[in-house]
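> To start, I am sharing the structure in question, which I have written as structure tokens.
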Amino acid sequence: MVNQRGQQDYRLQELGDFLRTRRARLTPEEVGLPRGTRRKTPGLRRAEVAQLVGVSVDWYTWLEQGRSITPSTQVLERLVQTLRLDANERTHLFLLAQQQPPPALLLEPEIVSPALQHFLDQFGPRPAFVSGRRWDILAWNDAGCAVFGDYRRMTTRERNTIWRIFTDPSSRQFVVDWEEDARQLLAQFRSMCGRYPGDAQLAELIHDLMLASPEFRAWWPDHEVRGGQEGRKTLNHPQVGHLVFERLTFQVFDTPDLKVTVYTPLEEADTPRKVEQLLEQWYLRVGQEPQTPQAVHHLPQTQRSGQDTVGWWLAACGQRVERAWVANSDVMISYVQWCEAHGYIPKKAKGVSQSLAVHGFEIGVNKRVIDDHRRRKMARGVRGLVIL
């Protein structure tokens, strides 16, 4: 009980501090108020925020003081507008105030960047896909087409994973243990649907599935939910017979509505050779030369499983040296220049730091350095890395 009270006090204190810092960065002119005279408060006053939001000064003061009050969704949305919060700040505000994410805004179009498509292509004989919030396959590599069918010739509905497994008769022979796999995918799909309660296209898909599939119609009311999309996947391909994969799905950091799924061929049932055979047949059928992955071949084996633009930049421009140190600014300059030269969209500083940590580097190490004006100062950087 004491621990719960301490967590509650900490959350409310964080909420108050967050609101204070947000109003401190705004000027009266930015929100259409006169500046007046004798202003000592940096940014907006509490009374000005309360006026714009439509609440009493006392109530807003209590909110900033960390009193145990729960603002309504409408008040929080007015705070978002008044304090000019972006999408990340809006989510943070709702998590602090209501301990749950905010209601979904209008859903943005799902766009696969050239860098993400290039990422898929680097997997070579491993089928890989990008799927969206409704489980539409939005992008794929050649191995995906060779094993699962020519996505280029399918309609959007035919490329939908849930629609295909429940309505395509061939999937019952293609997927080994079809019922178990279909139930598992349906439980994962149901869990995802809770994130987008107002999506009309998602509701239409569910409605059409209820009409088209007796199994979907029978199992959907069970409300089974399940997370994760990883593990073994066994297929019975009409051309080469059984294939055994290890399936892994992960979110795209900058666009969490998008998910990447990769199928790694396992040695069982001679799967790697069969996939290579299917890929060769695919290239012959479409009259296309095989794509040879470029940047990934010379990466250390430990980096291949998590390849990204930071990993490729490290392989091209970095060297691991024990106890070496490089400033964050030098890291970002080198990384951004490499991305621009190779046509990639660079990650932001936070994403670069997270990727470097995944690659085993110590991040945020303070060191005293001498700047261009011969002044000594403390700087943050990365330990164990040398920029070539």
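The values are calculated or read from the model by the stated rules, or taken from the named source; none is laboratory data. Predicted model only: the values in this text are computed from it and were never measured. In this analysis, Cβ positions are derived from the backbone assuming ideal geometry, glycine residues included, and neighbour counts consider all displayed protein chains. All accessible areas refer to the heavy atoms of the entire protein, side chains included, with ligands and DNA or RNA removed. Shrake-Rupley method; radii C 1.70, N 1.55, O 1.52, S 1.80 Å.
> Limited to the range 1-57, what total is found for residues that are part of a loop (DSSP other than H, G, I, E, B) and aliphatic (A, V, I, L, M)?
Matching residues across the range 1-57 total 5.
> Being open to solvent by less than 20 Å² (accessible area, probe 1.4 Å), part of a helix (DSSP H, G or I), touching a residue at least 40 places away in the same chain (Cβ under 8 Å) and farther than 20 Å from ARG217 by Cβ narrows it down to one residue among VAL130, VAL147; which is it?
VAL147 is the lone residue from the list that is open to solvent by less than 20 Å² (accessible area, probe 1.4 Å), part of a helix (DSSP H, G or I), touching a residue at least 40 places away in the same chain (Cβ under 8 Å) and farther than 20 Å from ARG217 by Cβ.
> Here is a further query. Mind checking which residues of the range 70-88 are open to solvent by 40 Å² or more (accessible area, probe 1.4 Å) and either farther than 22 Å from PRO256 by Cβ or not in a loop (DSSP other than H, G, I, E, B) (or both)?
THR70, SER72, THR73, GLN74, GLU77, ARG78, GLN81, ARG84, ALA87, ASN88
> Among what's in the range 232-269 and is among the acidic types (Asp, Glu) and over 24 Å from ARG172 (Cβ atoms), pick the residue that is least open to solvent (accessible area, probe 1.4 Å).
So the residue we want is ASP257.
> Is the range 183-192 home to any residue that is within 30 Å of PRO109 (Cβ to Cβ) and among the aromatic types (Phe, Trp, Tyr)? Can you show your working first?
Of the residues in the range 183-192, the ones within 30 Å of PRO109 (Cβ to Cβ) are 184-192.
With among the aromatic types (Phe, Trp, Tyr) added as a condition, the list becomes 189.
Yes, some residue in the range 183-192 is within 30 Å of PRO109 (Cβ to Cβ) and among the aromatic types (Phe, Trp, Tyr).
> Another one. Kindly indicate the residue of the range 154-200 that is among the small types (Gly, Ala, Ser) and open to solvent by less than 20 Å² (accessible area, probe 1.4 Å) and also farthest from ALA218 (Cα to Cα) among those meeting that condition.
The extreme case among them is SER171.
> For the range 156-176, state whether one or more residues are in contact with a Ser or Thr (Cβ under 7 Å, 6 or more places away or on another chain), closer than 30 Å to PRO102 by Cβ and in a helix (DSSP H, G or I).
Looking for residues that are in contact with a Ser or Thr (Cβ under 7 Å, 6 or more places away or on another chain), closer than 30 Å to PRO102 by Cβ and in a helix (DSSP H, G or I), one finds at least one in the range 156-176, hence yes.
> I'd like the residue in the range 201-222 that is touching a residue at least 12 places away in the same chain (Cβ under 8 Å) and small (Gly, Ala, Ser) and, out of all such residues, is surrounded by the most Cβ atoms within 10 Å (Cβ to Cβ).
Only one residue fits best here, namely SER213.
> Name the one entry in PRO28, PRO71 that is under 34 Å from the mean Cα position of the chain (by Cα) and without any contact (Cβ under 8 Å) to a residue 60 or more places away in the chain.
Details: PRO28 fails: under 34 Å from the mean Cα position of the chain (by Cα).
Testing whether each residue is under 34 Å from the mean Cα position of the chain (by Cα) and without any contact (Cβ under 8 Å) to a residue 60 or more places away in the chain leaves just PRO71.
> What is the one condition in (1) farther than 24 Å from GLN100 by Cα; (2) open to solvent by 60 Å² or more (accessible area, probe 1.4 Å); (3) in contact with a helix residue (DSSP H, G or I) (Cβ under 7 Å, 6 or more places away or on another chain); (4) not β-branched (Val, Ile, Thr) that ARG20 does not satisfy?
(1)
> Okay, moving on. Is there a residue being at pLDDT 75 or above and assigned to a helix (DSSP H, G or I) anywhere in the range 249-267?
The answer is no, given that none of the residues of the range 249-267 is at pLDDT 75 or above and assigned to a helix (DSSP H, G or I).
> Could you tell me whether GLN229 is of a type in the set (S, T, N, Q), modelled with pLDDT of 90 or more and either exposed (fewer than 14 other Cβ atoms within 10 Å of the Cβ) or not in a helix (DSSP H, G or I) (or both)?
Against the criterion (of a type in the set (S, T, N, Q), modelled with pLDDT of 90 or more and either exposed (fewer than 14 other Cβ atoms within 10 Å of the Cβ) or not in a helix (DSSP H, G or I) (or both)), GLN229 does not qualify.
> So PRO169 ticks every box in (1) under 24 Å from the mean Cα position of the chain (by Cα); (2) more than 30 Å from ARG67 (Cβ to Cβ) but one. Which box is left unticked?
Tallying (1) under 24 Å from the mean Cα position of the chain (by Cα); (2) more than 30 Å from ARG67 (Cβ to Cβ), PRO169 fails exactly one: (1).
> Then there is this: Does at least one position in the range 103-121 carry a residue that is more than 30 Å from ILE137 (Cβ to Cβ) and either part of a loop (DSSP other than H, G, I, E, B) or of a type in the set (Phe, Trp, Tyr) (or both)?
Taking every residue of the range 103-121 in turn, none turns out to be more than 30 Å from ILE137 (Cβ to Cβ) and either part of a loop (DSSP other than H, G, I, E, B) or of a type in the set (Phe, Trp, Tyr) (or both).
> Looking at the structure I just gave you, is LEU138 aliphatic (A, V, I, L, M), closer than 23 Å to CYS193 by Cβ, at pLDDT 90 or above and open to solvent by 30 Å² or more (accessible area, probe 1.4 Å)?
Here the answer is yes, as LEU138 does meet what is asked.
> Considering GLY32, GLY43, which residue is surrounded by 17 or more Cβ atoms within 10 Å (Cβ to Cβ), of a type in the set (Gly, Ala, Ser), at pLDDT 75 or above and more than 24 Å from SER68 (Cβ to Cβ)?
Only one candidate qualifies: GLY43.
To keep it simple, each residue is scored yes or no on (1) modelled with pLDDT of 85 or more; (2) touching a Pro at 6+ places or on another chain (Cβ under 9 Å); (3) open to solvent by 40 Å² or more (accessible area, probe 1.4 Å).
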residue	(1), (2), (3)
SER305	no, no, yes
SER355	no, no, no
ILE370	no, no, yes
GLY384	yes, no, no
